[in-house]
Amino acid sequence: MTDAAAVAAMAEPRVRMAPSPTGYFHVGSARAALFNWFFARQQGGTLVLRIEDTDEARSRPEWTEGIISAMAWLGMQADAGPYLQSGEGVAHQAAIEALWSSGALYACACTRDEIDARVKARAAAGDPTPGYDGFCRDLGLPRGEGRALRFRTPDAGTLTVDDLVRGAVEFPLSALEDFVCVRGDGSPLFALANAVDDRTMAMTHVIRGEDLLPSTPRQVLLWEALNRAEGRELPLPFYAHLPLLVNEQGKKLSKRRDPVAVELYREQGYLPVAFRNYLALLGWSPGDEEILPVETLIERFRLEDVQKSPAFFDVKKLNHFNGVYIRMLSVPEFIEAARPWVDPVAGEWAPGSWIDPDTGAPVVAEVPWPPSRYDEVRFAEVASVAQERVAVLSEVPALVDFLFLEDAPIEEASWQKAIAGDEAAPQILGAALAGYAECAWDKDTLHAVTLEIAETAGRKLGKAQAPIRVAVMGRTTGLPLFDSLAVLGRDETRRRVAAALDRLAAAA
RNA sequence: GGCCCCAUCGUCUAGAGGCCUAGGACACCACCCUCUCAAGGUGGCGACACGGGUUCGAAUCCCGUUGGGGCUGCCA
């Protein structure tokens, strides 16, 4: 039977996502979770969430909550769990007993230093075999406090892992050392806990990152030993190892130097649908069209089509996707989505937080305006023109700040370029001050009046609007000027133009 | 060092022996549109790592080389 046929014959696939609680949700885990989720939804299977917290020293209960909420943000929900691996202790201990009784395990009294010393000595003698040498293998040491339990691996032969993504991968058993699977304190290590949990939770497919491929032979060996020791023949799950997510150097995304926390992207103003859509394209392709509803993604997803080579996590493309999704929002939806960034009271996080593209470090700006000056109605009036101009929600505050700050937030570079550096600026600003005094206050009239000012100054409108824009809005770029002035109001607009004129006079 | 994986534009990918003069998307460049900036439109630049086979025919199959990566812990 082919793999595809086997999958088709499987009545109810059971898959799992098994992150370790490290304080945040890693984008690599998110991508693996997504592919598991796609597979489960498409096949009518079950997705179980299992928190791999056997490393007690590095686990904290509250981290689990973060993983679940990040999953929920991405619109993914597990069908079962969360199970804590640490809660499976009884099953783990039973497995250890069975394995010990069957002779699959032996106690080892070697310390890390002793093992390293022997490896070194061997290397010096010309034997490059690395790892544990099986020193305690036939010593018949009894179990005891401080003694780890090692798995007796076969000395020869080949173990083949049939991977749904990579095909048959062969591992020479001679290179596989007797690995530790129970700590000196009696607690199980990853490989054992993982295999036991996959058995008790009846997993049919193990879909995970490629970094786990080298540890698969150990888990297969353990699985088979467990079949013998427990006297129940459980079928091995199908394995599918997903390509790694890498940075621009082609190296595995690392916590230290890459922005890997899903939470960071949420706080920066990425839409979950956009983020999820982008994630889906890392190592897989639905075809020429890339921006697709999740139903379509689920329908088209095939494990067999997953790419084998690593994928670079490209924030630029993510930004584009996010911009597209933002523009797909209705204006009310956009207002709602932007609320946390513009409304100082509703804000769950500081407006203006983003990830520095160079350092990858999160940057959090001051709350740009006090709650007393925020006006939701005014924001709503410029929302549609702001919506077209942002790729991430955290860009919104800088676009609308001129509405909520006491004075124009004048950027020095803009001032120098458009006002101080333009000899026609005083004339244009003066004309604006006068021209805006009496005219009707709507965007079309403002356009017409300003056009006249430009013509009088012998300028194209594009050039002539710059000093006014900077005087009122603070920057040479931003929302359309006349829409903005219309919302800001006649008095405030003229006050700011006059202020710019004063500053110019003071400088002269 | 040992074991394993990988190799199509800068990036994500389409491609399962002839449909490929290698398609799409992001980025980049130019032009158009335009009150700035975006968005949008049009066009452009740009890849089968290399060497051997197999075949009438290879991006697609095989071998080797080179390059990159992962693992190598009483972490997961």
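Once the Kirkwood radius over Cα pairs is known for chain A, the Stokes-Einstein relation at 37 °C and 0.692 mPa s delivers a diffusion coefficient of 121 µm²/s. Exposure proxy shown here: for A:Ile335, A:Ile326, the number of other Cβ atoms within 10 Å sets the order, fewest to most, as A:Ile335, A:Ile326.
In this calculation the C-beta distance from A:Thr158 to A:Phe312 is compared with R0 = 30 Å, giving a FRET efficiency of 0.35. With a Cα cut-off of under 24 Å and a minimum spacing of 8 residues unless on different chains, the lysine pairs in chain A number 15. Candidates A:Gly140, A:Ala431, A:Ala33 compared by Cα position along the dipole of chain A: farthest toward the positive end lies A:Gly140, with charges placed on Cβ.
Bridge orientation summary for chain A: considering DSSP beta bridges with both residues in this region, about 55 percent are antiparallel. Comparing A:Ser187, A:Pro61, A:Tyr270 along the charge dipole axis of chain A, the residue lying farthest to the positive side is A:Ser187, per the Cβ-charge model.
Put a dot 7 Å past the Cα of A:Ala448, heading toward its Cβ, do the same for A:Leu141, and the two dots end up 9.4 nm apart. Please list log₁₀ I(q)/I(0) at q = 0.13, 0.14, 0.16, 0.27 Å⁻¹ for segment A:156-233, using the Debye equation with identical point scatterers on the alpha-carbon positions. Scattering profile of segment A:156-233, log10 relative to I(0): -0.43, -0.50, -0.66, -1.52. Multiplying the residue separation of A:Ala437 and A:Glu263 by 0.36 nm and subtracting their alpha-carbon distance yields 57.8 nm. The phi torsions of segment A:241-248, fed into the Karplus equation with coefficients 6.51, -1.76 and 1.60 and a -60° offset, translate into couplings of 9, 7, x, 5, 9, 10, 8, 5 Hz, rounded to whole numbers, with Gly and Pro shown as x. With a simple spin-label model that places each label point 7 Å from the Cα along the Cα-to-Cβ direction, the separation between A:Arg389 and A:Glu412 comes to 2.4 nm. FRET efficiency for the A:Gln93 to A:Arg302 pair, using the beta carbon distance and R₀ = 35 Å, is estimated at 0.30. Cβ crowding within 10 Å, taken as a proxy for footprinting-reagent exposure, orders A:Leu164, A:Leu139 from fewest neighbours to most as A:Leu139, A:Leu164.
FYI, it's all coordinate maths here, none of it is from the lab. In this text, all values refer to a predicted model and were calculated from it rather than measured experimentally. In this analysis, Cβ positions are derived from the backbone assuming ideal geometry, glycine residues included, and neighbour counts consider all displayed protein chains.
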